[in-house]
Amino acid sequence: MKVLLLGGTGEARELAAQLTDIDVVSSLAGRTKDLRLPDGAVRVGGFGGVAGLTDWLRDNAVDAVVDATHPFAATMTEHAVAAARAAGVPLLVLRRPGWGAGPGDDWHWVNSAADAATLLPTLGQRVFLTIGRQGIDAFAGTGLWTLARCVDPPEPPPTWCTLLLDRGPYAVDAELALLRQHAIDVVVTKDSGGQQTQAKLTAARELHLPVVLIQRPAAPNGVPVVETVAAAASWLRK
Ligand code: NAP
C-alpha cells in the first residue's frame, strides 16, 4: 500500500510518525525556510495543479491520499479532491476541529481578512495580527498600530506594521506577557483550531480583549473527513 500524505501541519507529522510500517510519502509545499520534516519519505514543492497531482498519483502508483494540510490550505484540498477523483484513488481529509468560544470570550466572527480589517477600528487601536504571512496586506490601511506574527517574513517586508518572527507552539504565560508588553487591545486570528496556537485565545480571555476570528473555508463535499490523527490512521489500516 502506497500513501501520499499532504502535509505541512503537526497532525500530518504525527500521522507520518504512526505509519512507519506503511509506504508513505509526505508532501510539503516548501514555503517555510526551516522545514519541519516528518518521519519517512518526503517530497517538497507543488505538483503543478490538478493535472500535475493526477499524474503524480498515477506515476507513483498511489493507493490512497490523505490530505492533512492546514484548514486554510483550501486550494491544495480542492486540487486533492479533483486529482484523487481523476486518478480513481481514495482520498481522506484530516481536518482538525475549529475553535469554539467559551464563557468570558469576546469573539467576533468574520468571513475574510478584508472584513476583519473593516471591523478592527470599532474594537481597538493596538492590534495583534496572528494570521501568518498570507493576507496581511488586507490590514495595511487600518491606520492601527499592528504587531504581526509570522513564521517567515512576508516578501517584501511590510513597513506599516511591526513584525514578530516566531513559530508555535505557544504557552499562555508567554502570550499574556506579549499582549501586555505591546499594550494590545484586540487580537486577530484565523480559525485554525488545534492546541499549538490556542494560547493567544486564553490570554485574550484573561485580559478581556476582543478577538476577531476569520472563518475557515468549508470542508470539501463528497469525501470522507475526519478530525483526528487516530481516525485517519484507522481509515488507512481498514
Ligand atoms: P494552498 O494555498 O492551499 O495551496 C497553494 C498551492 O501550494 C497548491 O496548489 C500546491 O501547488 C501547493 N501546495 C500546498 N500544500 C502543498 C503540499 N502539502 N504539498 C505540495 N504542494 C502543496 O496552500 P497554503 O495555504 O499556501 O499552504 C501551504 C502549506 O502550508 C500547506 O502544506 C499547509 O498545510 C501549510 N500551512 C498552511 C497554513 C495556512 O494558514 N494556509 C498554515 C500552516 C501551515 P500546486 O498547485 O503546484 O500543486
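Need the failing condition index for Asp105 against (1) among the charged types (D, E, K, R); (2) in contact with a strand residue (DSSP E or B) (Cβ under 8 Å, 6 or more places away or on another chain); (3) loosely packed, with under 13 Cβ neighbours inside 10 Å, just the number.
All conditions are met except number (3).
Of Ala140, Ala64, Ala148, Ala73, which residue is aliphatic (A, V, I, L, M), more than 16 Å from the ligand (Cβ to nearest atom) and at negative phi?
After applying the criteria, what remains is Ala140.
For (1) surrounded by 17 or more Cβ atoms within 10 Å (Cβ to Cβ); (2) in a strand (DSSP E or B); (3) assigned by TED's automatic domain parsing to the domain that holds Thr9, each residue gets a yes or a no:
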position: Asp115; (1), (2), (3): no, no, no
position: Leu120; (1), (2), (3): yes, no, no
position: Glu155; (1), (2), (3): no, no, no
position: Leu164; (1), (2), (3): no, yes, no
position: Tyr170; (1), (2), (3): yes, no, no
position: Leu178; (1), (2), (3): yes, no, no
position: Gln196; (1), (2), (3): no, no, no
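For residues in segment 134-146 being closer than 24 Å to Thr9 by Cα and buried (at least 18 other Cβ atoms within 10 Å of the Cβ), which is nearest to the chain's Cα centre (by Cα)?
Applying the filter and picking the extreme gives Gly135.
Of everything in segment 198-238, what is outside the structural domain of Asn111 (by TED's automatic domain parsing) and of a type in the set (Asp, Glu)? Give them in sequence order.
Glu227
Would you mind telling me which numbered condition in (1) over 16 Å from the mean Cα position of the chain (by Cα); (2) crowded, with 18+ Cβ neighbours inside 10 Å; (3) under 22 Å from Pro217 (Cα atoms) Ser26 fails?
That leaves (3) as the condition not met.
Glu14 is checked against (1) surrounded by 13 or more Cβ atoms within 10 Å (Cβ to Cβ); (2) among the charged types (D, E, K, R); (3) farther than 15 Å from His70 by Cα; (4) more than 13 Å from the ligand (Cβ to nearest atom) and fails just one. What number does that condition carry?
(3)
In segment 44-51, is there at least one residue being closer than 16 Å to Val229 by Cα and more than 9 Å from the ligand (Cβ to nearest atom)?
No, the conditions are met nowhere in segment 44-51.
The values are calculated or read from the model by the stated rules, or taken from the named source; none is laboratory data. For clarity, every value in this text was computed on a predicted model and none was experimentally measured. FYI the Cβ positions are ideal-geometry reconstructions off the backbone, even for glycines, and counts take in every protein chain you see.
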